[in-house]
Amino acid sequence: MSVIFLLLIASVSVAALFLGAFLWSVKSGQYDDETSPPIRMLFDQKPASSSGNSSETNSTQQ
Amino acid sequence: MSTSVKSTIQCYHCGEECVTETIQLADKTFCCQGCKTVYQVLNQSDLCNYYELNKNPGTTQRITVRKDKFSFLDDEKIQQQLVSFRNSEQTHVTFYLPQIHCSSCLWLLENLHRLNSDVVSSRVNFTRKEVAIIFNHNRSSLRTVAELLTSIGYEPYISLQNLQQAKPRIQRSLIYQLGVAGFCFANIMLMSFPEYLGLEEAEKSMQYLFRYFNLILSLPVLLYSSLPFYQSAWGSLKHKYLNIDAPIALAIIMTFGRSLYEVLSNTGSGYFDSMSGIVFFMLVGRVLQEKTYQQLSFERDYTSYFPIAVTVIKDKKEIPTALPDIKVGDTILIHNEELIPVDGLLTKGKALIDYSFVTGESLPVLKEMGELLYAGGKQTGSNIELLVMKEVAQSYLTRLWNNDDKQKAAKVSFVDSLSRYFTWIVFALAAAGALYWSFYDGGKAWNVVTTILIVACPCALLLSNSFTNGNVLRILGNNKLYLRNAQTIEEIAEVNHIVFDKTGTLTTTEAQDIFFSGEPFTDEIAGCIAALAAQSTHPLSKLLAKEFKQDGAFTVKQFRESTGKGISGIVNQRIISLGSAEFITGYASQKFEGSTVYVSVDGSLPGYFSIRNHYRTHIFEQIKQLRKQYRISILSGDNESERLNLQRELGMDVKLFFNQQPHDKLCYIQQLQQGGQKVMMIGDGLNDAGALKQADAGIAVTESTNNFTPASDGILEANQLNRLSAYLQFTKANKRVVLASFVLSILYNIIGLSFALKGVLSPMIAAILMPSSSLSIILLTFGASSLYARLLGLRKKQQL
């Protein structure tokens, strides 16, 4: 009995974790633009020769 | 007409044909200085990867942006309204860049910091065509950033709308509600399994655990996920009618009440599984149906067309001024390619106004000093000065927009009226069942009533409707017809009269047909005409120059241009004149002046060119096909010169009206509607805006969805206009599919009801019946609408 109770709590809380992750990802705007991320990840990160540092390209905004 | 065919050279930057000039730089060719400059800028910063990702990714730079265009961005007041966030170091700003179209754009715009180290980061939202830029405002300014974007060919589009209102944020609450419902539904199903499969006597104590767990999990569904149904139902009750959400909200509450009672009184396990399941499915349908096209706007008003600021001349100084601050009596300076935002008198300069945005007519109109210019035209050519006669809010264009004060009455979907009957029948059945059982077995009456209300919930109807609508909207969108909302599908399906605008809708603004009437002439003379015409900036001259362009260029001597009349010069030892009938022959012509050019060679008169708008390909076939099922009218703001031609092409039963003012168009549609007809208006320019609004379904036609379109119920890409009849057929299928699946759901309901009325519906059967009926209906509607789309030859996938 108590084992099943524990298992229930565990399974629901794992599911709740995923729900939380989903809500967070929607809230942070990850589904607002579905076109650019798949293109963006294919760009080569050339080591910047003259100016700037290329890591900034990946920095997420907000 | 013979024209020499030449191999065309593509511009390395924008991919367009090099027509007027060809600029060489190393092994690359450019169509204009602008394109070359952009290439040089990128080349210097080692950003030529831009050209490797896509072939010719740029947009043409032939129209140069004047240097101080963005000087208004130095204005503190304007800045505040554009900037989204600012601290001691950084400024966050989002620009709308309509030019964004490919992965090269994305790459370049996100590498802005390599061009200018003051830009901290830039991030593109491709669907909204926006770039969010963070820059250091101690070392740079908003104006510099805007000019940086302009220098690489991405001129930010800043309109009056940016100043007046914030963009509505995307509605995310429906997604949250869907997520929560999905979570609860899945877990409740898991917890219900022991109940379905039966528990042994020894494990009965666990039953309570599962039931109370379900009860707790169903609370978020009842209190949060079902909110849209309660809100919609309450809204309809306030207006004293029943929409489909009313019985659904009732069923959700009844199911929960009944289940709560069963669990607390320990008489059963309740129907939490069915309740959360149906809410989940209905929310999925709603999300599908309300998927919006983020990049399109159906609610545009004049503010999104107007610039945010114009240059006012005061005491011989040019001061950029925000548009709402312009007063009557101010003198404003309009530069090349700028929109005139107010009605005003032309006080200085030569105005060549392109009213295509208002009328759809692509050839610019010449205006002399002292003439009144209406807002909405775009100046092409040199700078002009205007004396403001009417402020923005009172201008002709603004009134055009606002002249329809009456709002269209909220349309009621057939689903709502259908569900109303359904609801009354269900109420009657519930009452009869209660009456019957109270005679025989009073205790069962409550059971029976609640079961009937639960099983007879018209959720199947709502499901089939929202899923079919969602699928139809999606398929039409893939075929470049973007509808504002699901209700529009029904409106279009009921249309029996189609009204077309002519200029810009049936004809294209991108090409003109040139006809020559008179004695035929030699290639040599054609070359002379082209050489002479090339000297002038008048749009008709440009057309002739392009049409007759030849390799061996002739030189023009003694070129003379009389503004608004014609041009003359000596080419290849011939005196050639081009111009209006009066300029060439000395007599005013009976024909309409705007589209004819008379020619004289060495004093003799071979004939004249008439320039007509080019009809879209297959448009006549399409209208002939539509004629079989619909009444057709064509309204045109132009003169009657096309009447015979059109009537011959389309047949006598197509009604043609010419010289139609915007208000006439609106009145004509009103008149048809008063005669009981359902009217669809298909137009493009601002002069159709009133008619588009008035019509039962107004569809705006546009060459590219990047362009701005007047407020409408739908936006159709112009090259798809010749498939209109297939689209109309498809919208009709929508209702049929919904009705078919509704019949199926009634069958389910009858089976369910027959059990329920006998009082023997077990939780097991109810648990199977509800989700399976929903799923089968979803499959049916999706399958049927997709099949129908295939039969009509509509594309399933988006073509880029």
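The values are calculated or read from the model by the stated rules, or taken from the named source; none is laboratory data. Computed from a predicted structure; not experimentally measured. Heads up, the Cβs are rebuilt from the backbone with ideal geometry, glycines too, and the neighbour counts pull from every protein chain shown. Areas reflect the complete protein model, heavy atoms only, side chains present, ligands, DNA and RNA absent. Shrake-Rupley method; radii C 1.70, N 1.55, O 1.52, S 1.80 Å.
Remarks
- Residues considered: A:ALA16, A:ALA21. Of these, the only one that is surrounded by 12 or more Cβ atoms within 10 Å (Cβ to Cβ), outside any loop (DSSP other than H, G, I, E, B) and at pLDDT 85 or above is A:ALA16.
- Check on B:ASP46, more than 30 Å from the chain's Cα centre (by Cα), facing chain A (nearest Cβ under 10 Å) and surrounded by fewer than 21 Cβ atoms within 10 Å (Cβ to Cβ): yes
- Conditions (1) open to solvent by 50 Å² or more (accessible area, probe 1.4 Å); (2) in contact with a strand residue (DSSP E or B) (Cβ under 7 Å, 6 or more places away or on another chain); (3) at pLDDT 75 or above: number failed by B:GLY564: (3)
- The sole residue among B:GLN81, B:GLN99 that is open to solvent by 30 Å² or more (accessible area, probe 1.4 Å), in contact with a Leu (Cβ under 8 Å, 6 or more places away or on another chain) and more than 10 Å from chain A (Cβ to nearest Cβ) is B:GLN81.
- Of the residues making up the range B:131-154, just one is within 23 Å of A:ASP33 (Cα to Cα), modelled with pLDDT of 85 or more and not hydrophobic (A, V, I, L, M, F, W, C), namely B:TYR154.
- Near pairs, Cβ below 9 angstrom, 6+ apart or cross-chain, from the range B:46-58 (of a type in the set (Asp, Glu)) to any residue that is surrounded by 14 or more Cβ atoms within 10 Å (Cβ to Cβ): B:ASP46/A:ALA48; B:ASP46/B:ARG114; B:GLU52/B:SER104
- B:SER438 of a type in the set (S, T, N, Q), without any contact (Cβ under 8 Å) to a residue 40 or more places away in the chain and open to solvent by 30 Å² or more (accessible area, probe 1.4 Å): yes
- Residue list for the range B:355-391, restricted to those being open to solvent by 30 Å² or more (accessible area, probe 1.4 Å), modelled with pLDDT of 75 or more and outside any loop (DSSP other than H, G, I, E, B): B:VAL365, B:LEU366, B:LYS367, B:LEU372, B:LYS378, B:GLU385, B:LEU387, B:MET389, B:LYS390
- B:VAL119 in contact with a strand residue (DSSP E or B) (Cβ under 9 Å, 6 or more places away or on another chain), open to solvent by less than 20 Å² (accessible area, probe 1.4 Å), more than 14 Å from chain A (Cβ to nearest Cβ) and of a type in the set (Val, Ile, Thr): no
- Members of the range A:1-46 found to be closer than 29 Å to B:THR127 by Cβ, of a type in the set (S, T, N, Q) and more than 7 Å from chain B (Cβ to nearest Cβ), listed by number: A:SER25, A:SER28, A:GLN30, A:GLN45
- Criterion (within 18 Å of the chain's Cα centre (by Cα) and open to solvent by less than 10 Å² (accessible area, probe 1.4 Å)) met by exactly one of B:THR503, B:THR468, B:THR488: B:THR488
- Taken as a whole, the condition of being without any contact (Cβ under 8 Å) to a residue 60 or more places away in the chain, farther than 30 Å from B:THR731 by Cβ and open to solvent by 10 Å² or more (accessible area, probe 1.4 Å) applies to B:ILE575.
- Selection status of B:LEU346, more than 20 Å from B:PHE72 (Cα to Cα) and of a type outside the set (Asp, Glu): yes
- Residue pairs whose Cβ atoms lie under 7 Å apart, separated by 6 or more positions or on different chains, with the first residue in the range B:454-483 and at positive phi and the second open to solvent by 10 Å² or more (accessible area, probe 1.4 Å), are B:LYS480/B:GLU717; B:LYS480/B:GLN720.
Yes/no per residue for (1) under 29 Å from the mean Cα position of the chain (by Cα); (2) modelled with pLDDT of 80 or more; (3) of a type in the set (Val, Ile, Thr):
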{"site": "B:SER633", "(1), (2), (3)": "yes, yes, no"}
{"site": "B:SER641", "(1), (2), (3)": "no, no, no"}
{"site": "B:ASN645", "(1), (2), (3)": "no, yes, no"}
{"site": "B:GLN660", "(1), (2), (3)": "yes, yes, no"}
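- Taken over the range B:499-555, the residue count meeting the criterion of being of a type in the set (Gly, Ala, Ser), at pLDDT 75 or above and part of a strand (DSSP E or B) is 2.
- Any chance B:PRO168 is within 22 Å of B:GLU337 (Cα to Cα), at pLDDT below 85 and under 24 Å from the mean Cα position of the chain (by Cα): no
- Selection status of B:GLN729, outside any loop (DSSP other than H, G, I, E, B) and open to solvent by 40 Å² or more (accessible area, probe 1.4 Å): yes
- Residue check, B:THR37 at pLDDT 80 or above, part of a helix (DSSP H, G or I), on the phi < 0 side of the Ramachandran plot and of a type in the set (Val, Ile, Thr): yes
- Residue ID - least open to solvent (accessible area, probe 1.4 Å), chosen from residues in the range B:187-201 that are at the interface with chain A (Cβ under 10 Å from one of its Cβ atoms) and touching a Ser or Thr at 6+ places or on another chain (Cβ under 9 Å): B:ASN187
- When B:ALA691 is tested against the conditions (1) open to solvent by 10 Å² or more (accessible area, probe 1.4 Å); (2) assigned by TED's automatic domain parsing to the domain that holds B:ALA486; (3) farther than 14 Å from B:GLY477 by Cα, the lone failure is (1).
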